[in-house]
Amino acid sequence: MLPYKVNFDYEYQLFDSHYEISKYQKFNKEWEFLYWISGETAPLISCRTYSADYLSFIEDFTGHKPIFSNNQKFEYWVGNIEEQYKKVNSRFTSTQFATENNFAHPLTSINKIPDYEGDYLIKSEGGLSGRSFKKNAIPKGDYIFDPLLKRIFDFSILFVHGKAYFYQNIIDDKFQYKGTRIFNKNKFELQTLNELYPHSTIWNDFEEKIEKIFNYYESMIPNEIWNIDSFLYEESGEVKMYLLSEVNFRKTMGYCFVKMMELFKTDKNTIEFLINPKESKGEVIQLSPEDNQFKLVLDCY
């Protein structure tokens, strides 16, 4: 088995026509520890060094001692960079499917700005969410138009070789990921969503719609690790659902959280996986190395 090398710059590998690994080496370095807290046991070709204390923490937390490799041959860990993966990760692919099936906002469109007076977002084909969104921008090249909606609950449905997991995403006002939340260690099920607005029509045929999305993407590349990003929003006094915001055919932060939770023992009801939290609500465990540019913690309460 070949060792792994992290590529958290995955979207840039796929969609940046001027991609150079040196541009994103620092980015990969800062996120590399996610490989270890996900419970991986295969050797890693590392782009950073770790203190003995941190490696000891990883071994105690995961039950596995980190193994490093200097092999010149490797596999990428976050995502596959073969050409076929560009299509399934493309926002054009997900937006076209979403608009054809009423899984997006009625005004969502590709390369078209509708008659709309409010704030809006212009999205590129690829790139990390938030970093590739521009508010009220004049488009350059191909683009996706979305009205700027009042989001009230962001969530993902993750598929790991066909098995589905649900979790809430915590994002900031620039749509950048800030954490993941579940309400019970054993409640990754879709049924958890029914506790939100239980009498709303937004859940009509929900599982059938998810199955349709699943079958569409699995027909292109089956039995992989990928997720659907979705959210609830308020409009004209109603709660509505944007079911298919985008698709990520890669190991996401949510995937790392799910794999870590398979190792983590706790009796707390709510568990949060947070980037640079301003305050804590319960028992806090720091997961990132001390010399990391940002802190990633578990908050259990």
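Things worth noting here:
- Listed by Cβ neighbour count within 10 Å, with the fewest neighbours leading, Ile113, Ile144, Ile275 appear as Ile113, Ile275, Ile144.
- Counting neighbouring Cβ atoms within 10 Å and putting the fewest first, the residues Ser17, Ser280 line up as Ser17, Ser280.
- Euclidean distance of C-alpha centroids, the range 20-82 and the range 240-301, integer Å: 18
- Three-way shape label, the range 225-287, alpha-carbon gyration tensor, a/c 1.5: oblate
- Computed from point charges on the beta carbon alone (+1 for Lys and Arg, -1 for Asp and Glu), the dipole magnitude for the chain about its Cα centre is near 500 Debye.
- Mean separation of Cα pairs under 8 Å and 6 or more residues apart, divided by the residue count, gives the chain a relative contact order of 18 percent.
- Taking the number of Cβ atoms within 10 Å of each Cβ as an exposure proxy, the fewest-first ranking of Ser90, Ser156, Ser236, Ser51 is Ser236, Ser51, Ser90, Ser156.
- For the range 86-163, GluC sites (Glu not before Pro) meeting the loop criterion (DSSP other than H, G, I, E, B) and having at most 10 other Cβ atoms within 10 Å: Glu117.
- Taking amide H atoms as placed 1.01 Å from N in the peptide plane, the amide H of Tyr120 lies under 5 Å from those of Asn136, Leu148, each 5 or more residues away in sequence or on another chain.
- Mean residue ellipticity (222 nm) of the chain, computed from DSSP H runs ≥ 4 via -39,500 (n - 2.57), nearest 500: -6000 deg cm²/dmol
- Distance in nm between pseudo-label sites at Asp291 and Asn102 (7 Å out along the Cβ direction from Cα): 5.7
- Over 25 Å between alpha carbons, listed pairs Lys29/Lys259; Lys112/Lys240; Lys123/Lys240; Lys5/Lys174; Lys26/Lys265; Lys112/Lys135: Lys5/Lys174; Lys26/Lys265
- Distance cut-off 28 Å, percentage of C-alpha pairs in the range 84-253 lying past it: 18
- Relative intensity of the chain on a log10 scale, I(q)/I(0) at q = 0.07, 0.09, 0.10, 0.15 Å⁻¹, equals -0.28, -0.46, -0.58, -1.33, per a Debye sum over C-alpha point scatterers of equal strength in the absence of solvent.
- Nitroxide proxy distance, nm - points 7 Å out along Cα→Cβ at Ser51 and Lys135: 3.8
- For Glu246, nonlocal amide neighbours, meaning residues 5 or more places apart or on other chains whose placed amide H falls under 5 Å from its own, are Asp229.
- Descending semi-axes in Å of the range 62-110, equivalent ellipsoid built from Cα gyration tensor: 39, 15, 7
- Extension gain, Phe68-Tyr116: 0.36 nm per intervening residue step, less the Cα-Cα distance, totals 11.9 nm.
- Based on C-alpha pairs under 8 angstrom that are at least 6 apart in sequence, the range 84-253 has a relative contact order of 26 percent.
Every read-out reported here was derived from the displayed coordinates using simple, explicitly stated rules and does not represent laboratory data. Predicted model, so just to flag it, every value in this text is computed and none were measured. Here Cβ is always computed from backbone atoms with ideal geometry, including for glycine, and neighbour counts include all displayed protein chains.
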